[in-house]
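Below is one structure; the comments refer to it alone.
No value in this document is a laboratory result; all are computed from the given coordinates. This one's a predicted model, so the numbers in the text were calculated from it and none came from an experiment. Glycine gets a Cβ as well: all are built from the backbone with ideal geometry, and neighbour counts include every protein chain shown.
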Amino acid sequence: MLCYLLSRLISLVLSLAVASLVIFAMLEIIPGDPAAVMLGLNAEPEAVAALRTELGLDLPLAQRYAAWVGGMLQGDFGTSYTYRVPVADLISARLGVSLPLTLYAIFLSTALAIPLGVWAASRHGRPADLAIMGVTQLGIAVPNFWFAMILVLIFAIRLGWFASGGFPGWDAGLFAGLKALTLPALALALLQASILARVMRSSLLETLHRDYIRTARAKGLSRSRAILHHAFRNALIPVMTILGMQVSVLIAGAIVVENVFFLPGLGRLIFQAVTQRDLIVVEAVVMLLVFAVVVVNFLVDLAYAVVDPRLRRRA
Amino acid sequence: MLKVEGLSMQIGDARILNDVSFQIAPGEVFGVVGESGSGKSMTALSVMRLEPRAARLSGRVEFEGRDLLTEPERRLNAMRGRDVGMIFQEPMTALNPLKTIGDQVAETLLVHGAADRAGARAAAEERLARVGLDPARVPLSRYPHELSGGQRQRVCIAAAVALRPKLLIADEPTTALDVTTQAQILDLLKDLVEDEGMALMLITHDLAVVAGTADRVAVMRGGAVMEQGPTEALFRARAHPYTAKLFADSRHVPDRDAASGGAPVLDVRDAVRIYPGRRGGLFGRSEPVRAVDGVSLTVAAGESVGLVGESGCGKSTLTRAILGLEPLQGGAVHLDGQPVVAGRVPSDLRRRMQLVFQDPYGSFDPRQKVSRLVAEPFHLEPVSSEERRTRVAEALDAVGLKPEDGNRYIHEFSGGQRQRIAIARAIVIRPSLVILDEAVSALDVSIRAQILDLLADLQRRFGLSYLFISHDLSVVRAITDRVLVMKAGQIVEAGETEHVLHAPAQDYTRKLVAAVPTLPEAWGV
């Protein structure tokens, strides 16, 4: 187990190092000088040069990379070119919206998908199964921004249960904050839930044909008890893989939904930073997303080992 | 106790069981023999009421006076595991990989509310000890993947008999195990029947297994019982022609000439293959495993050599080394005088050795037509497409199929035909040596007899040499000139097959030979 953990940790650190190099190099290659953009079209060349020095853009590449990574390790992500405030402050404010939104969406998606998938599998070929398969097919086909608009139309405009957008801030209270995030989280969760429910169903169906299910039935377990005690945990293994991938998608993929609901989240921040060529913010946010994805994968690997005893022995 | 009357099963339009009737008395061992597809397993599953969901049953299955075909599911759940236990053929997959063996045995008691957690655990410990898994050596906290096939089958038995059921149904319980393990499991089952007064329904394709175990026996074919009666009387009389045919096939010895002992085709000298030990902890490694430990053997032109041993003795590693798929740490392999070095085997050399596996289906691409599958080895020897076609047709003809069969797909053929196709693929480029790795182990006796005849015929016609790897000593006896007995990576005994199997010099060989179930000589078979 220790060996497994260590090998996963090493792979985590290596992934982060490679990602930081790639991100840094990418932003060096793309055209556009942040100093020139900040000062506008009519800026004096001297002023641009002075700003470049101030921002540290004239230093050698290696030195700038080292400064960037060193700063990040100490929590210093630099200063935004456009907002003129520390990037760390910008990000932490936005994370206060994005992180709860992602977790909320994951919670909704698993809470919907797993019972639906299990139900469909246990009613294989019957009307309930066919209905769930049909609905999830639709859920995969419909893009989430469209779905977001429909939710606004029904629950905000027609029924008036929720606000159509915006975020009151956590100062307004936990309930108000969660309420504002409910429609966006639902819009995000439905696609993921549709995929996850289908994976859960097919994985459980496959597991139900295994020999050990027959053994369990021969011991006197009822069908539902055999599903619960023997098939479910075995069927979860592929579901966890998909869930891990979805967390990454949800963290990075909230851009559109955040825009539809006018939420001050990371997605909006990176969108604005890209259009304003605020490269230092882009770098930091992308790095953060990579970090989140890598950490989630690490957690999924750990979860495998918890579920599956066969993995605990392997290095 | 169990009374099955006129049991029939239908799935769609197919009639799987046809008017099956038999009875099992308390404490009796009832054998059911038949070939694959004869309905043995379906009969057993019907008694458990675990038949496929699409199946429709009719007739009566009476257990202690209650008709199981009309009992509600709730009552059936209460019966399964408590009154009737069942174990299956494939111990490797019959246990949940994510649960400890202790939990899986204890579950039988917990499900039926027969004990609390602590009580169930204690009972599991006692039952596992009873089936030969001493908790001091094999703790209850072990997971199935940490056990051997034989040990896993013991766990299955412990779970099935945890509540001391009145009837245990064993569906081919030893087919997937090697001979010595098979003998141990059969002994265990017999002991359980005697000690606990349990009845046993033993399903097998192996007549000798039934002969040594069952009081009464039923012979099944095509979903129906051909005949049934006391084992000895029935096996002595062999009144039904099908029973007589089963006996003849199981004892079939193909007509072949003894090898003349020509020049060696295959020459293995002091082969050594060492695997690095398993990693444990951060830097530690366990002892390296000497999988093949100084093995020397030769196979002459036109000769058949058998290689026998228990699973894990190094047979497969040796085979891979001979094929040049496994690097050697010592010694050398020569084929037709040319060295076989792993990773550097020229096509011309590889062409001259071919392999036939146990499971023909697994070694074919299901999306390719048979003609293309058989032509596969031609990538080692470029020939014109014209010649390729004729030679594929010849090969199919040689194994008793029609050239038109080349246009069909592999799933359209039966198990025996698939093995013929595998043989056609092996001989299509005229190899010197064919390695047959358990090539007839999965086949029914009648098919096996045909394949053995075919192999003898092909050997005569093409002067092939065979290296015949098997745990089935009766097959080895039927088709090989010489036999090598392998144990823990070494050849412990070698010699003429008849001599070695009749008068083994080594204890290990004696143990192997003794473990093979046989029909009593006195029964006149």
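Here is how the numbers come out for the structure above:
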{"read-out": "Per DSSP, loop trypsin sites (Lys or Arg not before Pro) in region B:126-208 with at most 12 further Cβ within 10 Å", "value": "B:ARG137"}
{"read-out": "Environment charge at B:GLY197 (Cβ cut-off 14 Å; Lys +1, Arg +1, Asp -1, Glu -1)", "value": "-4"}
{"read-out": "Using alpha-carbon coordinates, inclination of helix A:61-73 to the longest axis of chain A, degrees", "value": "50 degrees"}
{"read-out": "Separation of the B:ALA239 and B:SER384 label points, Cα + 7 Å toward Cβ, nm", "value": "6.5 nm"}
{"read-out": "Peptide A:219-229 - average C-beta neighbours from other chains (10 Å radius)", "value": "6"}
{"read-out": "Nearby lysines by direct alpha-carbon distance to B:LYS3 (threshold 21 angstrom, same-chain neighbours under 8 apart not counted)", "value": "B:LYS40, B:LYS166"}
{"read-out": "Environment charge at B:GLY212 (Cβ cut-off 12 Å; Lys +1, Arg +1, Asp -1, Glu -1)", "value": "-3"}
{"read-out": "Region B:138-295: translational diffusion in µm²/s, Stokes-Einstein, Kirkwood Rh over Cα pairs, 20 °C, 1.002 mPa s", "value": "106 µm²/s"}
{"read-out": "Burial ranking of peptide ranges A:93-102, A:189-198, A:223-232, B:493-502 (average Cβ count within 10 Å, highest at the top)", "value": "A:189-198, A:93-102, A:223-232, B:493-502"}
{"read-out": "Length added when fully stretched, B:ALA122-B:ASP67, from 0.36 nm per residue minus Cα-Cα", "value": "16.4 nm"}
{"read-out": "Shielding of B:96-103 by partner chains, average beta-carbon count, 10 Å", "value": "5"}
{"read-out": "FRET efficiency estimate (nearest 0.05) - Cβ-Cβ, A:ILE154 to A:LEU14, R0 56 angstrom", "value": "0.75"}
{"read-out": "On Cα atoms only, tilt of A:232-252 relative to the major axis of chain A in degrees", "value": "20 degrees"}
{"read-out": "Cα-based reach from B:LYS369 at 16 Å (exclusive), listing aspartates and glutamates while leaving out same-chain residues under 8 positions away", "value": "B:GLU404, B:ASP405, B:GLU412"}
{"read-out": "Degrees between helix A:279-307 axis and first principal axis of chain A (Cα, 0 to 90, nearest 10)", "value": "20 degrees"}
{"read-out": "Computed magnitude of the charge dipole of the protein assembly as shown (debye, nearest 20; Cβ of K, R +1, Cβ of D, E -1)", "value": "1300 debye"}
{"read-out": "Dipole magnitude of region B:219-333, debye to nearest 20 (Cβ charges: Lys/Arg +1, Asp/Glu -1, about Cα centre)", "value": "400 debye"}
{"read-out": "Positive minus negative residues near A:GLY166 (Lys, Arg vs Asp, Glu; Cβ under 15 Å)", "value": "+1"}
{"read-out": "Dipole-positive endmost among B:MET9, B:LEU45, B:VAL32 within region B:1-53 (Cβ charges, Cα centre)", "value": "B:LEU45"}
{"read-out": "Given charges at beta-carbon only (K, R positive; D, E negative), |dipole| of region B:1-92 in Debye", "value": "260 debye"}
{"read-out": "Whole-percent pair-distance distribution, where bins are 10 Å wide, for the alpha carbons of the protein assembly as shown", "value": "2, 10, 15, 18, 18, 15, 10, 7, 4, 1, 0, 0"}
{"read-out": "Overall Cα dimensions of region B:428-507, principal axis frame, Å, largest first", "value": "40, 28, 22"}
